[in-house]
1. Among 67-75, 48-56, how do they line up from the highest to the lowest mean number of other beta-carbon atoms within 10 Å?
2. So if each residue of separation counts as 0.36 nm, and I subtract the Cα-Cα distance between Ala115 and Val80, what length gain in nm does that give?
3. How large is Rg over Rh for segment 34-131, taking Rg from the Cα atoms and Rh as the Kirkwood inverse mean of 1/r across Cα pairs?
4. Convert each backbone phi in segment 98-114 into a coupling constant with the Karplus relation 6.51 cos²θ - 1.76 cosθ + 1.60 (shift: θ = phi - 60°), then list the ³J(HN,Hα) values in order as whole Hz, x for Gly and Pro.
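Since every read-out is calculated from the coordinates, none of them should be taken as a lab result. None of the values given here were measured: they were computed from a predicted structure. Counting neighbours? That spans all protein chains shown, and the Cβs are built from the backbone with ideal geometry, glycine included.
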Amino acid sequence: MARLYYERPKTAAALASGSPQALDEWAEKITKLIPSEIVAGYLTLVGLISKLTSNARWWMWISVGVCFVLTPLYLKKVAVPGKPIRNHLIVSAFGFIVWAYSVSGHLVVPNYYDAAVASIVLVLFTLISGVIPMDK
């Protein structure tokens, strides 16, 4: 199973049918944008950093930065050779920032965090990233 999402060729019959496969493909695409290893590592770091009594905000910024950089590097490493990955790497890197803001923005940027805004941005990113072609 591929670690990145690779668009399936669209046939005329599949497009005309309006089948639920389109929704399944959308969900698969969204779940493959940010590697689960990066998510798990980041959540672990957030939990550990929240226990610090000093310099916690700096450690949070370092963690966000490292995970932001590692997201496309990791995905490039696990990509199928010869398949297009540029759009996937770009969308995934920004997807990590959107996701990190929604789960830990109150720790990283407390003066600029708003739970409602985080939810809105997360939903908008999910909708927008679903229509960006990953075959480039």
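1. On the way: 67-75: 18.4, 48-56: 11.0.
Ranked by mean Cβ neighbours within 10 Å, highest first: 67-75, 48-56.
2. Details: separation 35, 0.36 × 35 = 12.60 nm, distance 3.68 nm.
Between Ala115 and Val80, full extension yields an extra 8.9 nm.
3. Working: Rg = 14.3 Å, Rh = 14.2 Å.
A ratio of 1.00.
4. Calculated HN-Hα couplings, in order: 4, 5, 4, 4, 6, 9, 9, x, 5, 9, 7, 10, x, 6, 10, 8, 9 Hz.
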